[in-house]
Amino acid sequence: MLIGIDDTDSTAGMCTTFIAKELCKKLEVIGFPRLIRLNPNIPYKTRGNGAVALNVKTGNNEKIKKIVLETVEKNAIFEDDKTNPGVVFLEKRNFEDYNIYTEILRDFYEKAISELVTIGEADAAARQVNAEVHKFKSGRGIIGALAAVGADLSADVTYEIIAYRIPKNYGTERKIDPESVFEMDKKTYPKTFNNVDLNLNKILILPRGNDPVFCGIRGESPEIVSEAWKLIKPLEEIEDTLIFQTNQATDAHLKKKKISELMPFDCAIVSGRVSGEPKNIHGGHVIFKLKYYSQEIDCAAYRETANFRKIIRKLRAGDKVTAYGGIGKYWAINLEKIRVLKLKKYYEKINPVCEKCKIKMKSEGNGKGFQCKKCKKKLPEDAAVLKEINRDLKPGFYEAAPDARRHLSMPLVRMKNRC
Ligand SMILES: [Zn+2]
């Protein structure tokens, strides 16, 4: 039986993966539990917008369901307005089983990671596949719960090992030997990724909230993440660790679209030309207009993307680019990364050199031509020499700083290794 759970955490604490961990102790789970990230642009998400799914050995199904629902009720943060848990039960042997149900579920998952999905749509899809749905409060969590059960990870999959704190440490500063994290990164990167930001000398594996998670290490295989965890020196007691199979760092949320096809909260890959110069806007963000024929949209590199903004500022009108990102609160693509395909050539006019005297001629004023100071020879304006301006930017991929990276965003290092 497949079980999907979502939206049990809150901005203040808890974590849906913790409930998965509790259930792994109580039930006979087959294979790895899943941690499925959903559309990061949805405004009513709690924090990471992650749902979990488990494949549990069937037996006394009513008892299994009771255990799951009780565990959710015990651990979910119901006081938080944004916490609206949902649980889905689906009688299927495994996640990959191909049948008509799988197709409906896969389509639903594809939509839930890259577009806006309603509770009504989730209800309809659940009915079509005979899934049993349990809603708490508004029940928005059934969207993620159903998507997590239906996620198709056959094209790409990553793993995350999550270490959990003991309850008395919840809310306190996480204690870790920082050197061990850099050491682990050195030994396992790029098979593990998003561990540290070497530019800022910053550790990224520790979450910031009050939740039970001590740290999470992401990587290409269950073996590498567990090896990486062994290299970490936590300076506090760890309750447990659990490895999840995930859609993190896979770009599964990004779909190729034209500007005219974009809808609010879509995640997309959009190509076009830069129109107009990038602008710095209030708050430290940088925006530019992307144009494809008569269609136009703003693209934004937020302050949090750090050095990425320096690249965006170097773009000029006419450059051909592909933008990777999603539409958030404002009608603009929040850039996760960008591919510079072709730079437009820009030239500056330089005064010509006098053939006889071998010195640079002087401008007679705007549009009035040139004169040699020495021999007084005159040349018309079109004698000016055109020199290509060095753009200080090369075609290629550029990405947001690791700290600002979306869970679903594929780091460039992974992209390279997959090509
Ligand atoms: Zn001269």
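Quick notes on this structure:
- Only listed residue being away from the ligand (no atom under 13 Å from the Cβ) and either part of a strand (DSSP E or B) or closer than 30 Å to Asp156 by Cα (or both), chosen from Leu408, Leu393: Leu408
- Residues (out of contact with any Asp or Glu (no Cβ under 8 Å at 6 or more places or on another chain), over 27 Å from Ile64 (Cβ atoms) and of a type in the set (Lys, Arg)) located in the range 116-174: Lys168
- Inter-residue pairs, beta-carbon under 6 Å, first touching a residue at least 24 places away in the same chain (Cβ under 8 Å) and under 13 Å from Met1 (Cβ atoms) and in the range 88-102, second open to solvent by less than 100 Å² (accessible area, probe 1.4 Å) and assigned to a loop (DSSP other than H, G, I, E, B), 6+ apart: Val88/Ala131; Leu90/Ala131; Glu91/Met1
- All told, Lys349 meets the bar of being charged (D, E, K, R), away from the ligand (no atom under 16 Å from the Cβ), in a strand (DSSP E or B) and in contact (Cβ under 8 Å) with a residue 24 or more places away in the chain.
- Residue in the range 244-258 that is of a type in the set (Val, Ile, Thr), part of a strand (DSSP E or B) and open to solvent by 30 Å² or more (accessible area, probe 1.4 Å) present: no
- Set Ala401, Ala383: member being modelled with pLDDT under 95 and within 16 Å of the ligand (Cβ to nearest atom): Ala383
- Filtered residues of the range 129-142 (kept if β-branched (Val, Ile, Thr) and not in a loop (DSSP other than H, G, I, E, B)): Val133, Ile142
- Within the range 352-378, the set of residues being open to solvent by 100 Å² or more (accessible area, probe 1.4 Å) and within 16 Å of the ligand (Cβ to nearest atom) comprises Glu355, Lys356, Lys358, Lys360, Lys362, Lys373, Lys374, Lys376, Lys377, Lys378.
- All positions within the range 200-235 that are open to solvent by less than 50 Å² (accessible area, probe 1.4 Å) and in a loop (DSSP other than H, G, I, E, B): Leu204, Ile205, Leu206, Pro207, Gly209, Asp211, Pro212, Ser221, Ile232
- Restricting Ala131, Ala122 to residues that are within 25 Å of the chain's Cα centre (by Cα), aliphatic (A, V, I, L, M) and buried (at least 17 other Cβ atoms within 10 Å of the Cβ) narrows the list to Ala122.
- Taking every residue in the range 216-244 that is farther than 19 Å from Val29 by Cβ and pairing it with any residue that is small (Gly, Ala, Ser) and open to solvent by 20 Å² or more (accessible area, probe 1.4 Å), at least 6 positions away or on another chain, the pairs with Cβ-Cβ distances below 9 Å are Ile217/Ser226.
- Subset of the range 156-199 that is hydroxyl-bearing (Ser, Thr, Tyr) and open to solvent by less than 20 Å² (accessible area, probe 1.4 Å) - its residue that is modelled with the lowest pLDDT: Tyr164
- In summary, Lys342 fulfils each of the numbered conditions (1) more than 9 Å from the ligand (Cβ to nearest atom); (2) at pLDDT 95 or above; (3) surrounded by 12 or more Cβ atoms within 10 Å (Cβ to Cβ) with the single exception of condition (3).
- Scanning the range 276-311 for residues that are touching a residue at least 60 places away in the same chain (Cβ under 8 Å), among the hydrophobic types (A, V, I, L, M, F, W, C) and not in a loop (DSSP other than H, G, I, E, B) yields Ala301, Phe308, Ile311.
- Residues being of a type in the set (Lys, Arg) and in a strand (DSSP E or B) are represented in the range 316-335 by at least one member.
The values are calculated or read from the model by the stated rules, or taken from the named source; none is laboratory data. Only a predicted model underlies this, so the values are computations on that prediction, with no experimental measurement involved. When we count neighbours, we look across all protein chains shown, and the Cβ atoms used for this are built from the backbone with ideal geometry, even at glycine. Keep in mind that these areas ignore ligands, DNA and RNA; they rest on the heavy atoms of the full protein, side chains included. Shrake-Rupley method; radii C 1.70, N 1.55, O 1.52, S 1.80 Å.
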